[in-house]
Amino acid sequence: MKKTVLKLVLTALVAGMSVPLAAHAADEDLQMKIDKLSQEVADLKGSVQKVEDKSIGRWLTIGGDYRFRVDSMHGQTVTYSDAIGTMMNLVGGFTGPTGVAGSSIGGITSPNATQFIMQGQAGTLFTPAQFNTILNQYMPQAMAASLPGLFTTMNTPGFDPSAVPPLTAQQSAILNTLSTKVMPTVMGMQVGSIPGMLAILPPGTPATTTVGQVFSGFPPASQQLATAMLMQGFLGAQSGNLALVPAYKPKNETLYTNKFSLDLTAKATQDVTVHAKLDMYKAFGSQTDQTTMGNYFADRVGVFDGTLSHVPSNSLLNVDRVFATWSNILDQPLWFSVGRRPSTNGAPSNLRLNNERPGNGGTPALLVDYAFDGMTVGYAPDIDALPGA
């Protein structure tokens, strides 16, 4: 009996010990399966992330807009002087068939008016060489040519100084410029070199006498009068040099325009980003800027580099801006940017264009709204005294 009871007790003990061992083996097998599934999920997430990182949407952003506009413009002008026409009168009058002796523009010695104008450069009114010739040769000769008539008028019996028209604000501003740029040349010219000048001066006046020496013999009031008359003879309404445009009523009854913009932002690397903005702006049925130039509210004389795509011209998709920015240089708050700068369509022009606010950066359109090429280097460390600056 005792032996039977002892066997039962031993059997129960062995059976009780075998149950935890089986359960523990099952737990280990389940944990291995869970770990394997977890690794597969992690690998799957990594593969998905790699695909997303390589997708075009992660490194390239494309946007843009199209605008159709109808304008009907009317206006009224007053009589005004045309600067380009006046300059052409001066050039035409003092180049003549043989040109100005000794002058050389663009390799042409003594150019005539046509040759002079043809030496201009696109986007500029005059080249530096042309402007130098105008200031130092054409304008002094134009002013000197009016001196004989000026002195004759002043010496005419019954001459009334009060009949001399006062200088306009424009003439006074021009005179201030000429006082430092042109008048010294005129005052240094010898009277013998000015046709008809010796004939109206006192007999025996040496041909080597300068215009300045003649002027110095006048009383101060006469010098001031002579200067005003000289200016009137040079650029007065009756001078023959001043090109006056009569008052008229410009209008453009119907002007249709197309404008298309394409914005691109590419993240080349983690710290290098390239931004580009391409614009097309044209008038219906035209591939030139003539629809908005000339008599149609001529607030500009042509399409320049900085106004390209901001003035109706042709159907080309021109580059308004494209620049690359390298940030976090050497893991420092340092950046370098180069290209055609983001200097157009800044705040508050976004209100007129119905665009989103361009942010706090960029150039306000009230200061600059003109495209240009350049580069910047910036450094913006954290300053404890200016948190968030």
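The helices (runs of 4 or more DSSP H) found entirely in segment 121-167 that carry 1 or more residues being closer than 19 Å to Gln238 by Cβ and at pLDDT 75 or above are 139-145, 147-154. Here is the figure for segment 239-284: residues that are closer than 30 Å to Ala83 by Cα and not aromatic (Phe, Trp, Tyr) total 19. The set of residues in segment 76-98 being β-branched (Val, Ile, Thr), surrounded by 15 or more Cβ atoms within 10 Å (Cβ to Cβ) and at pLDDT 70 or above consists of Thr86 alone.
So is Pro342 surrounded by 14 or more Cβ atoms within 10 Å (Cβ to Cβ) and either over 28 Å from Leu60 (Cα atoms) or not acidic (Asp, Glu) (or both) or not? Criteria met by Pro342. The single condition among (1) at pLDDT 70 or above; (2) of a type in the set (Ser, Thr, Tyr); (3) under 35 Å from the mean Cα position of the chain (by Cα) that Thr109 does not meet is (1). Filtered by the rule that a residue be in a strand (DSSP E or B) and either surrounded by fewer than 17 Cβ atoms within 10 Å (Cβ to Cβ) or of a type in the set (Ser, Thr, Tyr) (or both), segment 263-279 gives Asp263, Leu264, Thr265, Ala266, Lys267, Val272, Thr273, Val274.
When only residues in segment 197-211 that are small (Gly, Ala, Ser) and open to solvent by 70 Å² or more (accessible area, probe 1.4 Å) count, which is nearest to Met187 (Cα to Cα)?
Within segment 197-211, the subset small (Gly, Ala, Ser) is 199, 204, 207.
Among the residues that remain, those that are also open to solvent by 70 Å² or more (accessible area, probe 1.4 Å) are: 199, 204.
Values: Ala199: 18, Gly204: 20 Å.
Among them, the one singled out is Ala199.
Within segment 185-231, the set of residues being assigned to a loop (DSSP other than H, G, I, E, B), closer than 24 Å to Val164 by Cα and of a type in the set (A, V, I, L, M, F, W, C) comprises Ile194, Leu201, Phe218. Among the residues of segment 241-262, at least one is closer than 30 Å to Thr325 by Cα, touching a Pro at 6+ places or on another chain (Cβ under 9 Å) and either at pLDDT below 80 or open to solvent by 30 Å² or more (accessible area, probe 1.4 Å) (or both).
The values are calculated or read from the model by the stated rules, or taken from the named source; none is laboratory data. These numbers were taken from a predicted model, which means no experiment stands behind them. Cβ coordinates were reconstructed from backbone atoms using ideal geometry, including for glycine residues, and neighbour counts include every protein chain displayed. In case anyone asks, the SASA skips ligands and DNA or RNA and just uses the protein heavy atoms, side chains included. Shrake-Rupley method; radii C 1.70, N 1.55, O 1.52, S 1.80 Å.
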